[in-house]
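Notes to accompany the following structure.
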Amino acid sequence: MLSRRALLVSAAAAAAVRPATLSAQTAPAPDSVESARSATIIQLQRRTIEVNGKPASVFAVRQPDGTSGIVTEVGKRFRARLQNNIDQPSLIHWHGLTPPWQQDGVPGISAPPIPPGGSADYDFPLRFGGTFWMHSHQGLQEQSLMLAPLIIHDDRNRPGEQEVVLMLNDFSFTPPEEIFAGLKKSGSMPNMAARSPQMASATGMTPTGAAAAPDLNDVKYDAFLANDRTLADPEVVKVEPGGHALLRVINGSSMSNHHLDLGQLKGELIAVDGFRTAPVIANRFPIAVAQRLDIRLAFPRQPAAYPVLAVLEGDRRQTGIVLATGRAAIARIADTTGTPSPALTLDLERRLHAAEPLRPRKPDRVHTLNLTGDMARYIWTINNIAWNPDVPPLPIAKGERVELVMINQTRMPHPMHLHGHEFQVVEIDGKRFSGAVRDTVLVTPGRRVVIAFDANNPGFWAFHCHLLYHLDAGMFTTLRYV
Ligand SMILES: [Cu+2]
């Protein structure tokens, strides 16, 4: 398990790679007095929410005034003091940002976890705007909602335009450690809906390498949350008739990929994972775990209610919020759809083109990463190795253009996340193209996806599957360069 090992290795790892500038906790910047004054206080807390009519004890990442996460502006510095007000160690990762590696928030890689009652300071420039999020990288805390939005405004925010943030989460009353133990004990229980013949053909799978049908949703959740609520009592957001809004969707789920369904509204997708793309107009978009979508919406003039739904892939269950213009009646929305949705595909990914692609360049270094695993024993691996502190980091060097070739040899989709660097999707199944710039890309079963990035942020970085229990079961590795 990453968490326990992470604790054990943190000292060794830090000793091995820590440069003269120490971690956030111990090395205040020279202007630390001013930093502390202008820093945003973020507190890790316990809170109780109601799910399916029952109280649920979960975490919160919020400011003293109750604001969940942070909204800030590009060009500013990210200055935050993170206070651990829970009774266990924790550390928060700023997902999608490019801080100095010691401030990246991965226990045992970037810095030791913050003990209960402790705090850590963060201070680094915000190089780009967009929709990001923050979440615990400690143990399985993310499953208990130790997460929040991290929104960086830039010129995609039109003056006066409303902004709607939609955070998606999966929820279980079973403690995450028990969920993980159950997966380990019984292996993955494949989703029956996902095994039907039409599902197999819908995914276009060929029975080479991986099996013919994907396995989806290996954790059975009690609820799917949209801004902490279910469709039994969804959030209703008032929007301007005839107006526009910028919808920022964050898939903060631990294990659940979704189809975002805008119903009657057409959306203009303008960015993925914070980075702008050539616009794509549609009313349905895939969103894998940890990914984000920025979608511009236009509302008709007449009063109406517009559900914005997230349908679990390969399943009938859904969650969402309602956007209402005028005094529209809000009808009850069922928490299941009529027919199961298909598995996510890479169809949209193939159509996405970065508005600001990487400068074309031959790679100086290519690493091939087979995504592998033993479903029966619930061990998830990269090149058949479950991560442990003895696994050497992937070698790269400063200034290189690096390509990572990911080949999914399993029957589950894996959303792969690189820390500390934005990357560009440059190939899917042998076809080169100038794809989206992102920080998390889905690799569906049997597929080959290639990403490229510039090694421009030296340090010790994590690269892993963002499905929480896959990550904890070993589908994790590191890159290190100075
Ligand atoms: Cu995975």
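Return the carbon/sulfur percentage of the accessible area of region 103-193, one whole number, probe 1.4 Å, all protein chains in place.
58 percent
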Using a/c under 1.5 as the rounded threshold, could you call region 268-375 rounded, prolate or oblate? The axes a ≥ b ≥ c are square roots of the C-alpha gyration tensor eigenvalues, and prolate needs a/b larger than b/c, oblate otherwise. oblate
Can you give me the C-alpha center-to-center distance between region 96-159 and region 287-351, rounded to a whole angstrom? 27 Å
Rounded to the nearest 20 debye, what is the charge dipole size of region 31-171 about its Cα centre when +1 sits on each Lys and Arg Cβ and -1 on each Asp and Glu Cβ? 140 debye
Just the ratio, please: alpha-carbon radius of gyration of region 32-186 over 2.2 N^0.38 Å, N its number of residues. 1.10
Once the dipole of the chain is set up with Lys and Arg at +1 and Asp and Glu at -1 on Cβ about the Cα centre, which of Pro64, Gln302, Asn227 lies farthest towards its positive end? Gln302
Between the alpha carbon centres of region 352-396 and region 443-457 the gap in Å comes to 7 Å
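Treat every Asp and Glu Cβ in region 286-402 as -1 and every Lys and Arg Cβ as +1, leave all other atoms uncharged, and give the resulting dipole magnitude about the Cα centre to the nearest 20 debye.
480 debye
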Can you give me the accessible area per residue for the chain, using a 1.4 Å probe, in Å²? 39 Å²
Neighbours of His414 by Cβ distance under 15 Å: Lys/Arg at +1, Asp/Glu at -1, summed charge -3
Stokes-Einstein D for region 338-440 at 10 °C, 1.306 mPa s, Kirkwood Rh over Cα pairs, in µm²/s? 100 µm²/s
Mind putting a number on the dipole of the chain about its Cα centre? Charges go on the C-beta only, +1 for Lys and Arg and -1 for Asp and Glu, and I need it in Debye to the nearest 20. 540 debye
Quick shape summary for region 43-115, equivalent ellipsoid via Cα gyration tensor, semi-axes whole Å in descending order, reads 25, 17, 11
Potential extension, Glu178-Lys220 segment - 0.36 nm per residue separation minus Cα distance: 13.9 nm
Diffusion coefficient in µm²/s returned for region 214-339 by Stokes-Einstein, Kirkwood Rh over C-alpha pairs, 10 °C and 1.306 mPa s, is 106 µm²/s
From the residues Ile41, Pro107, Gly430, which one has its Cα farthest along the dipole of the chain in the positive direction, the dipole being from +1 and -1 charges on Cβ of Lys/Arg and Asp/Glu about the Cα centre? Gly430
What's log10 of I(q)/I(0) for region 415-479 at q = 0.11, 0.13, 0.15, 0.19 Å⁻¹, Debye sum over Cα points only, no solvent? -0.26, -0.37, -0.49, -0.77
Give me the log10 of I(q) over I(0) for the chain at q = 0.09, 0.12 Å⁻¹, as the Debye formula computes it from C-alpha points; what are the numbers? -0.57, -1.08
Out of all DSSP beta bridges in the chain, what portion is antiparallel? Express it as a percent rounded to 5. 75 percent
Summarise the accessible area of region 216-267 (1.4 Å probe, protein heavy atoms) by the percent that is carbon and sulfur. 45 percent
Go through Ile382, Leu369, Leu358 and say which Cα lies farthest out towards the positive end of the charge dipole of region 347-386; charges sit on Cβ, +1 for Lys and Arg, -1 for Asp and Glu. Leu358
If each DSSP helix of 4+ residues adds -39,500 (n - 2.57) and the sum is divided by the residues in the chain, what number results at 222 nm, nearest 500 deg cm²/dmol? -3000 deg cm²/dmol
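The values are calculated or read from the model by the stated rules, or taken from the named source; none is laboratory data. Worth saying up front: this structure is predicted, and the values here are computed from it rather than measured. No Cβ is skipped: glycine too gets one built from the backbone with ideal geometry, and neighbour counts run over all protein chains shown. Note: areas computed on protein heavy atoms with side chains; ligands, DNA, RNA excluded. Shrake-Rupley method; radii C 1.70, N 1.55, O 1.52, S 1.80 Å.
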